[in-house]
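Below is one structure, written out as structure tokens; the observations come after it.
Just so you know, all these numbers are worked out from the coordinates, no wet-lab data involved. Because the structure is predicted, anything quoted here is derived from the model rather than measured. Glycine also receives a Cβ, built like all others from the backbone with ideal geometry; neighbour counts cover every protein chain displayed.
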Amino acid sequence: MPYHIGARRAVMKSLLQSVRSNVREASTRNKCSWAGLGWPASQNAMERRYSMTSTSFLSARRYLGSQVDHPKRQQQTEAHEKDFLHFPGAKTTFTFSLEYIKEISEDPVPCYRLLNDHGDPIDGAELPEIEQSLGVKMYETMAILQTMDNLYYEAQRQGRISFYVTSIGEEAINVASAAALSSDDLIFPQYREQGVLLWRGFTLKDFASQCFANDEDSGKGRQMPVHYGSKKLNYITVSSTVGTQLPHAVGAAYSLKMAKEEACTVAYFGDGGTSEGDFHAAMNFASVLEVPVLFICRNNGWAISTPASDQYRSDGVVVKGQAYGIRSFRVDGNDTLAMYSCVQAARKMAIEESRPILIEALTYRIGHHTTSDDSSKYRSITEMERWKSLRDPVIRFRKWLEGNAWWDEVAERRLRATARNEVITTMVRAEILKKPPLSDLFKDVYDSVPVHLQEQEAYVRSTVTRHPKDHPSDVPL
Ligand SMILES: Cc1ncc(C[n+]2csc(CCOP(=O)(O)OP(=O)(O)O)c2C)c(N)n1
Ligand SMILES: [Mg+2]
């Protein structure tokens, strides 16, 4: 028999003997009951420890979920009210029942919604105050976003741009959250939030310049298509490295707090983003630093081909907030009004109380992950079609507008035709504009270009001179 097993047995035996003798002693003094009831407050810590050990070693183990309203637990709590002990890491009471926290609640966190799937207000729901002009602007932005996404998707398929990401199915999360924020709030996007930028005033020309990487792109053509950014609009440049924007948003929120600004930071991310370490680090930092940041998770059920069921075993994302001490909401991300009202309330709390808030917006990614993906390979067409036909957030909001007599078929046709025309016109123009010069590749990071970048530029130029046919003819040297 290996030594360590024998040694462990000896330790167990002596522990059991010690437990038995202590239990006998305690029972004689009538200070501990086999039934597992409490002990007098005067009992010392050693006795308590052995009493607890005796229950778990010598009687059948009972595992009680902490959410079960157990009468014995209540008695214990009353008996030990004076027994509070402040550990450096927690303030808590004692129990001698070996209990666990249930891994998942029997009642899932309900999802906040105000409109049903047909766009009718739910009985008794308190709708946010939205003026006609705001409601119409939100709808128009969603419709323009949808038009832009469809046309750019086609443009990629025609080989005119190299890459595109649509937000089809997630228009309400984009636009309603943007509408509930202030332009002073700093946005840290993932990559499927172009509707937030559109709402803030990024023009169709700006989108086109970025996607076609032309001379008018404020990023000077240095990013892949859809990696938008705008200093003027407080929109940090997209980085598609999943999750990296989350700690950044927390750091920036800390700086807003120190500067006593009346603004918050807003980090958008997907369900897949919550599997990154950065998500957890960001949540914890935000909680302990008490900073005004909104974590808006677009839980669309898929992280490329990985379904949400392979992403977590918890009740979605919303419950993760509590573990970090963060107040959290679960909202129907396809309900424009609910999304608007939730983000508005969350923003107020974040700023007035200087606290982070987590919002899990439930939705569905109707399009492929990106133009590099074919989602029919890993999910059923029926699933996609069902969401498209029954749960489209744009149609749902339109029905609500129509119910208020704020929108009709004529306005719809006019808007769609104008949007289509503008997207195509800006796209065609952006395509023929000249590209930024090669030298721009080496600028804007350092005040003056350092030697190693000068050397790299010289190397690129000599390569182009040697292989002129491999250099794109529309990029000036
Ligand atoms: C750190 C990192 N790992 C992996 C990838 C590859 N990748 C790109 S998007 C993506 C899935 C993200 O899913 P989710 O966060 O749910 O966002 P969604 O695409 O559904 O909007 C992955 C794994 C990446 N870009 N960065
Ligand atoms: Mg996702």
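Ranking of Leu415, Leu197, Leu246 by neighbouring Cβ atoms within 10 Å, starting from the fewest: Leu415, Leu197, Leu246. Using alpha carbons only, how many angstrom separate the centre of the range 82-103 from the centre of the range 404-477? The range 82-103 and the range 404-477 have Cα centres separated by 60 Å. Applying the Karplus relation 6.51 cos²θ - 1.76 cosθ + 1.60 with θ = phi - 60° to the range 180-189 yields 3J(HN,Hα) values of 8, 9, 9, 5, 6, 5, 9, 8, 10, x Hz, where x marks Gly and Pro. Sequence-ordered 3J(HN,Hα) estimates for the range 341-346 from the Karplus curve with 6.51, -1.76 and 1.60 and θ = phi - 60° stand at 5, 5, 5, 4, 5, 5 Hz, glycine and proline given as x.
Scalar couplings 3J(HN,Hα) for the range 211-222, obtained by applying the Karplus form with A = 6.51, B = -1.76, C = 1.60 to θ = phi - 60°, are 5, 9, 6, 9, 4, 8, 6, 5, x, 6, x, 8 Hz; x denotes Gly and Pro. Label-to-label distance, Arg420 versus Asp310, with points set 7 angstrom from Cα along the beta-carbon direction: 3.8 nm. Ranked for footprinting exposure by Cβ neighbours inside 10 Å, fewest first, Leu390, Leu127, Leu181 give Leu390, Leu127, Leu181. Compute the label zone of Leu390 within the range 290-329: residues whose backbone N is under 17 Å from the point 7 Å along Cα-to-Cβ. Residues passing the 17 Å test: 301. Could you compute the FRET efficiency for Val451 and Arg222, with r as their C-beta to C-beta distance and R0 at 35 Å, rounded to 0.05? Computed FRET efficiency for Val451 and Arg222: 0.95. For the range 129-228, the set of GluC sites (Glu not before Pro) satisfying both a DSSP loop assignment and a count of at most 12 other C-beta atoms within 10 Å is given as Glu129, Glu131.
Over the C-alpha trace of the range 366-477, radius of gyration and Dmax come out as 24.2, 67 angstrom. Modelled spin labels at Ala411 and Leu433, positioned 7 Å past Cα toward Cβ, are 3.2 nm from each other. Size descriptors for the range 378-432: radius of gyration and Dmax over Cα atoms are 16.0, 44 Å. Annotation: the residues Ile424, Ile122, sorted from fewest to most other C-beta atoms within 10 Å of their own C-beta, follow the order Ile122, Ile424.
Mean projected area of the convex hull spanned by the Cα atoms of the range 236-367, taken over all viewing directions: 7.7 nm². Extension gain for Glu261 to Thr382 (0.36 nm times residue separation, less C-alpha to C-alpha distance): 38.8 nm. The distance from the alpha carbon centre of the range 202-220 to that of the range 249-306 is 27 Å, rounded to a whole number.
Normalised by the number of residues in the range 279-406, the average gap of Cα pairs under 8 Å and 6 or more apart makes the relative contact order 33 percent. Near the amide H of Gly219, within less than 5 Å, lie no amide hydrogens of residues on another chain or at least 5 residues away, with H placed in the peptide plane. Considering only Val238, Trp199, Met258, and ranking their Cα positions along the charge dipole of the range 132-432 that arises from unit charges at the beta-carbon of Lys, Arg, Asp and Glu, the one farthest toward the positive end is Trp199.
So what's the net charge close to Thr371: Lys and Arg +1, Asp and Glu -1, counting the other residues with Cβ under 15 Å from its Cβ? Residues near Thr371 contribute +1 overall. Modelled spin-label separation between Lys232 and Asp123, with each label point placed 7 Å from Cα along the Cα-to-Cβ direction: 5.1 nm. Assuming charge only on the beta carbon of Lys and Arg (+1) and of Asp and Glu (-1), the dipole of the range 132-432 about its Cα centre is about 100 debye to the nearest 20.
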